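The values are calculated or read from the model by the stated rules, or taken from the named source; none is laboratory data. Here the structure is a predicted model, which means the values were calculated and not measured. Virtual Cβ from ideal backbone geometry, glycine too; neighbours counted across all protein chains shown. Side chains are part of the model used for accessible areas, which takes the heavy atoms of the whole protein and leaves out ligands, DNA and RNA. Shrake-Rupley method; radii C 1.70, N 1.55, O 1.52, S 1.80 Å.
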Amino acid sequence: MQNHGSPRRNRSVQAAQAACPGLINLVQAVDGGLCRIRLAGGRMTAVQARALAAAAREHAEGPLEITNRANLQLRGIRAEAGPGLIQALIDAGLGPLPASDRVDTVALSRRDARRNVMISPLAGIDPQMRIDTSALAADLLQAMQQDAALDGLSPKFAVLLDGGERLVDRRHPHDIWLCIDQRDLPQPPGLWLGLASAPAVPVHCPGYTAPQDAVTTVLALMRAFMELATAGQLRMRDVLADQGLQVLLSRARRHGARLKLATPPAGALPCATGVEPPLDPARLGQQPQAGGDLCLIGFQAPLARLDADMLEGLAELSSQLGRGELRFTPWQGGLLPHIRAVNAPAALTGLRQLGLITDAADPLARLLACAGRRGCARTQADTKADALRLARAELPPTGIHLSGCPRSCAAASPAGHTLLAVDGNHYDLYRRGSGRDFGECLGRHLTLEMATGIMRPPAAE
Ligand code: SF4
């Protein structure tokens, strides 16, 4: 029986789509309208950045935020400003395809909602990468938007492409992921394919596909998912739990999936040990880039926030010192690629003058906080303000996440320490374990000072 399009499932998808902000679907928050701009590959041109900065000034009171999927969202959109803002963003080429179909806002909004393909911010420019996933991501994004059979896909349904770069979000589960074989083989098997897991935690990895078959295979899996998912089943893990892997693969084959069944041998996939990207000093400051005397400069926005001046300043730096391209990361920051090494000091100075962090030793480079009191009605505390207070304290060398409620919007994966607000002045403190939850509870109903005392590393003797 095909469940795709059943009235009950449609209602659950519509509810999910309505609650999830997009470029067309603005959602009301405490501080005004909220618009999420999904960036293809986390990238935008300097021209687009200037257009977005101008639109933000004209239509919104709030800041821009870098999301944990390397997108940007604009807060505080004024009442009645939605249509003008949406038009400005579509005109800047930041909307879904095809732009000529813009009169059909429902179709446009659905296409926008499924633009969830994540690649490394270093894709195509990392000396260590094994393949450049940029073109594959672009082809996949286009095919996903054009496939009307995917109209009911949840806006949370996401794909990850791992090309073996230094920095990839490879521990966070994705509905579908593809990962290049990590071994040095004369004829590598291609891209390992996984479901409802992550390349470094490959719970479901039934086999591999050739790069030229990757788009067809991912689309076939999505179509199979759409047909098998029943009401309330919005993610791949739901269908796998309900119907099992073999049913899904068999249905995907009918849609043209080309998958060679195999178990990944040791070393074929990345391991889960090592420094996580959010704590990796290699994501900030001057870093190597493939090709000639070029380098890239990584930065972090304090608590993920940028204002229009900062975005315009980034556009200016990328135009003057790079090739007019900006990339954003899932770790509250971004990078300026294609900078000649001789211009790196000027780029670093420019970023610091904009108020951006380029040094991993800065405490704000390790602090995450959700929208907090000014942006979210659910919050129990002013997480952003508390994070700024915390940045002045002596902190452990872990990531620290302040969450206004258990939804954990600011962190896709559990941070080293999580402070979960319980009221305006108190937090429960957790230390990450091996699971997907916040981890071991180290204390309840703590003031920030008490929590800092528990987290602080013991003084050296
Ligand atoms: S984690 Fe909770 S309080 Fe924070 S932004 Fe998300 S929903 Fe709001």
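Matching residues to (1) in contact (Cβ under 8 Å) with a residue 12 or more places away in the chain; (2) outside the structural domain of LEU221 (by TED's automatic domain parsing); (3) closer than 26 Å to ALA365 by Cα:
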| residue | (1), (2), (3) |
| --- | --- |
| ARG235 | yes, no, no |
| ASP242 | yes, no, no |
| HIS255 | yes, no, no |
| LEU261 | yes, no, no |
| ALA266 | no, no, no |
| PRO288 | yes, yes, yes |
| ALA308 | yes, yes, yes |
| SER318 | yes, yes, yes |
| LEU326 | yes, yes, yes |
Practice problem: For residues that are at pLDDT below 95 and within 13 Å of the ligand (Cβ to nearest atom), scanning just region 424-447, find the one that is nearest to ALA198 (Cα to Cα). | Solution: PHE438
Quiz item: Using beta carbons and a limit of 9 Å, which pairs, at least six apart or on different chains, have the first residue in region 401-427 and on the phi > 0 side of the Ramachandran plot and among the polar types (S, T, N, Q) and the second one open to solvent by less than 10 Å² (accessible area, probe 1.4 Å) and within 13 Å of the ligand (Cβ to nearest atom)?
Solution: SER408/HIS401; SER408/THR418
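Conditions tested, residue by residue: (1) open to solvent by less than 40 Å² (accessible area, probe 1.4 Å); (2) closer than 30 Å to ALA315 by Cβ.
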| site | (1), (2) |
| --- | --- |
| ALA347 | yes, yes |
| GLY350 | yes, yes |
| ASP359 | no, yes |
| THR383 | yes, yes |
| ALA387 | yes, yes |
| ARG392 | no, no |
| HIS401 | yes, yes |
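Does THR418 meet the test of being farther than 20 Å from GLY32 by Cβ, modelled with pLDDT of 95 or more and either surrounded by 21 or more Cβ atoms within 10 Å (Cβ to Cβ) or within 13 Å of the ligand (Cβ to nearest atom) (or both)? Reasoning before the result, please.
Working: farther than 20 Å from GLY32 by Cβ: yes; modelled with pLDDT of 95 or more: yes; either surrounded by 21 or more Cβ atoms within 10 Å (Cβ to Cβ) or within 13 Å of the ligand (Cβ to nearest atom) (or both): yes.
In short, yes.
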Quiz item: Taking region 366-398, which residues are touching a Ser or Thr at 6+ places or on another chain (Cβ under 9 Å) and either of a type in the set (Val, Ile, Thr) or within 19 Å of ALA282 (Cα to Cα) (or both)?
Solution: ARG366, LEU368, THR379, THR383
Quiz prompt | From PRO173, PRO199, PRO155, residue being in contact with a Ser or Thr (Cβ under 9 Å, 6 or more places away or on another chain) and buried (at least 20 other Cβ atoms within 10 Å of the Cβ) | solution = PRO173
Self-check item: Filtered residues of region 423-440 (kept if open to solvent by 50 Å² or more (accessible area, probe 1.4 Å) and in contact with a strand residue (DSSP E or B) (Cβ under 7 Å, 6 or more places away or on another chain))
Solution: ARG431, GLU440
